[in-house]
Amino acid sequence: MAELESLETAAEHERILREIESTDTACIGPTLRSVYDGEEHGRFMEKLEARIRNHDREIEKMCNFHYQGFVDSITELLKVRGEAEKLKNQVTDTNRKLQNEGKELLIAIEELKQCRLQQRNISATVDKLRLCLPVLEMYSKLQEQMKSKRHYPALKTLEHLEHTYLPQVSHYRFCKIMVDNIPKLREEIKEVSMSDLKDFLESIRKHSDKIGETAMKQAQQQRNLDNIVSQHPRISGGKKSKKEVCTSSDLEVKNTSPMSEKDSGILDVEDEDEDEEVPGAQDLVDFSPVYRCLHIYSVLGARETFENYYRKQRRKQARLVLQPPSNMHETLDGYRKYFNQIVGFFVVEDHILHTTQGLVNRAYIDELWEMALSKTIAALRTHSSYCSDPSLVLDLKNLIVLFADTLQGYGFPVNQLFDMLLEIQDQYSETLLKKWSGVFRNILDSDNYSPIPVMNEEVYKKIVGQFPFQDAELEKQPFPKKFPFSEFVPKVYNQIKEFIYACLKFSEDLHLSSTEVDDMIRKSTNLLLTRTLSNCLQNVIKRKNVGLTELVQIIINTTHLEKSCKFLEEFITNITNVLPETVHTTKLYGTTTFKDARHAAEEEIYTNLNQKIDQFLQLADYDWMAMEPGSKASDYLVDLIGFLRSTFAVFTHLPGDVDAHSTMSGKVAQTACMSACKHLSTSLMQLLLEAEVRQLTLGALQQFNLDVEECER
């Protein structure tokens, strides 16, 4: 058993020795530890020393075998050392020479190194500049556009700069500064464009009357052209309608592009002669500030803010435009300026409606127009009520029609304006009646109430041309001769016709039917006859100083005017082309007017005769206690009868045709005579029955009887 363990230990020691021989000395520690961990390390040391001795013997054998070669090698090495020393000296010398020669090369190499470095830096700089230069150029372009007030292009440049160029060089400090400035630039563009819009709105407000004046001139020209075309249909082929003219001008308005660089709101236009073509209203206005501002706010996402601001400002301007001046009713220019401003306002809004998408819409325009229509009609009702001059009222009507036609050409409903004109027509009739009242008064006051003398054929034809009078007997009489009526007959007749013409003028362009025009003229003429002329005649008849001769002449004159009423009917029919037989046609009441005047004149004659009789009777001085009567009638009665005789002679010697005037004057004379006799007899009876006459004598009664007999004769 002990032998077996000894063998194992020897084998293990042998293995450890082989491992020590073959293992790197750095890793021998674990092997030695295994030796010391056992109990046989003494024996191991013995084996180790034996192994060392074996290796020493082998080394010694090998050295002995190679000793001569070693000596030879040492000898060779000594020789080599001498040669190496020489070589070292040569290398040292060569190195020294090389160092001396390489200094300039090193300097050149250092310079080349620096140049290479600079070249790389320059190349890198150029590359960076290639990226930065477009940014700087765009920013410079932006500054130039801002300086020249090209705000919409500037905004486009700003968009490109922000989204395309700056992201490529965002790490540079100057780019960060630019990025920080972009919101400020946008705000500046908004403020400047809004300032331009405010200037435009202010300019539009100041020049609305000029714009409206131009639009109304254009409408007037178109209306004149339409009248010419209606009279000469053949020339209509080459003419455009007003709507076509407006449409073409709308499509070709200058500077409608948002890229336009002009900022002025109104273009200067010289006053045009009437014969020259009036420029379109939109041609006067540069709308580019509106378009630019709209596009800028749209790009900036603030379109709604811009729309609200624009509409709010225009509403304020509309209220200012619709506020009429307090003295507008004094002159036509006041009305014209008022209308021009309104037309100018809506021409601008209509153009904005058709050239922008959504800045204003039809509902907004209609709302403004409803407000304008109500305020305009209210203002016209108020101010027109102050007008007392029919010429001014007529001019106002023509101006309102032109105003309505102009706005109707732009698509605005104007029926309410024409309805209001019918109201003004009643006022116009009243002013005409007042004017013609003065005309009739002047005619009646200046008339001599004597038949018109005619010295020759020319004067005769002139009067017959003025007044529809035919008398075969008078035509046969030689010159000089007299018309039966006085001068106020043809004058009044002509003034009635002038009144009818004046009424007809107002009805023009009101889009009324012939029947409506005829009815309007007849109603107004009836008012003229039954109220104005009738009152004037009544005033003349009731004057204190009117004589019997004048009253008789008035009767004759009114008779002729009454007969002329049928000619007035024909005159109205001719100018209105409405036959009198038409249903609902108003009839003239002139016959009644002149009959009433004639009856009033007759009553005045009877009254005046009775007053004259009373005046003569006041001269009666009867001596009721006289014992003997006089030989003749009383002097007052003789004078009274002489007066009556001369008065009735006026009736019996009236000029004129036998059938008409003699019959009429005879009837008036007969009635006057009966009235005078009745009044005289009643008055004489009153003399006898007076309370103061308590007693009378036979002589007084005989004298009274003489007077009564004188009256009977």
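Looking at the structure I just gave you, is Lys337 among the basic types (Lys, Arg) and touching an Asp or Glu at 6+ places or on another chain (Cβ under 7 Å)?
Values: among the basic types (Lys, Arg): yes; touching an Asp or Glu at 6+ places or on another chain (Cβ under 7 Å): yes.
Here the answer is yes, as Lys337 does meet what is asked.
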* Asked: List the pairs whose first member sits in region 123-149 and is under 13 Å from Tyr172 (Cβ atoms), whose second member is part of a helix (DSSP H, G or I) and open to solvent by 80 Å² or more (accessible area, probe 1.4 Å), and whose Cβ atoms are under 6 Å apart, counting only residues at least 6 apart or on separate chains?
  -> Leu131/Gln168
* Can you name the number of the only condition in (1) open to solvent by 10 Å² or more (accessible area, probe 1.4 Å); (2) part of a helix (DSSP H, G or I) that Tyr386 fails? -> (2)
* Go through the residues of region 173-184 one by one and say whether even a single one is under 25 Å from Pro289 (Cβ atoms), surrounded by 19 or more Cβ atoms within 10 Å (Cβ to Cβ) and not aromatic (Phe, Trp, Tyr). => no
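Which one is farthest from Glu570 (Cα to Cα), of the residues in region 464-485 that are assigned to a helix (DSSP H, G or I) and open to solvent by 20 Å² or more (accessible area, probe 1.4 Å)? Quick ask: steps written out before the conclusion?
First, the residues of region 464-485 that are assigned to a helix (DSSP H, G or I): 464-466, 472-476.
Okay, now just the ones that are also open to solvent by 20 Å² or more (accessible area, probe 1.4 Å), so 464-466, 472-473, 475-476.
Values: Val464: 17, Gly465: 16, Gln466: 15, Ala472: 23, Glu473: 26, Glu475: 25, Lys476: 28 Å.
In this case the residue turns out to be Lys476.
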* To do: Check region 567-581 and report whether any residue there is aromatic (Phe, Trp, Tyr), within 44 Å of the chain's Cα centre (by Cα) and not in a loop (DSSP other than H, G, I, E, B).
  => yes
* To do: Return a yes/no flag: does region 421-433 have any residue that is open to solvent by 60 Å² or more (accessible area, probe 1.4 Å), under 30 Å from Leu537 (Cβ atoms) and over 50 Å from the mean Cα position of the chain (by Cα).
  => no
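Would you call Glu458 over 55 Å from the mean Cα position of the chain (by Cα), exposed (fewer than 15 other Cβ atoms within 10 Å of the Cβ) and part of a helix (DSSP H, G or I)?
Numbers: over 55 Å from the mean Cα position of the chain (by Cα): yes; exposed (fewer than 15 other Cβ atoms within 10 Å of the Cβ): yes; part of a helix (DSSP H, G or I): yes.
Criteria met by Glu458.
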* Structure fact -> The one condition Leu551 fails out of (1) among the aliphatic types (A, V, I, L, M); (2) in contact with a Ser or Thr (Cβ under 8 Å, 6 or more places away or on another chain); (3) within 30 Å of Ser646 (Cα to Cα) is (2)
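Please determine whether any residue of region 341-358 is outside any helix (DSSP H, G or I) and more than 24 Å from Thr214 (Cβ to Cβ).
If we filter region 341-358 for residues that are outside any helix (DSSP H, G or I), which is where we start, we get 356-358.
Adding the requirement that they be more than 24 Å from Thr214 (Cβ to Cβ) leaves 357-358.
Checked against the condition, which is being outside any helix (DSSP H, G or I) and more than 24 Å from Thr214 (Cβ to Cβ), region 341-358 yields at least one hit.
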* **Only listed residue being open to solvent by less than 60 Å² (accessible area, probe 1.4 Å) and either touching a Lys or Arg at 6+ places or on another chain (Cβ under 8 Å) or more than 30 Å from Ser195 (Cβ to Cβ) (or both), chosen from Ala154, Ala124** => Ala124
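The values are calculated or read from the model by the stated rules, or taken from the named source; none is laboratory data. These numbers were taken from a predicted model, which means no experiment stands behind them. All Cβ positions, glycine included, derive from the backbone under ideal geometry; neighbour counts span all protein chains shown. Note: areas computed on protein heavy atoms with side chains; ligands, DNA, RNA excluded. Shrake-Rupley method; radii C 1.70, N 1.55, O 1.52, S 1.80 Å.
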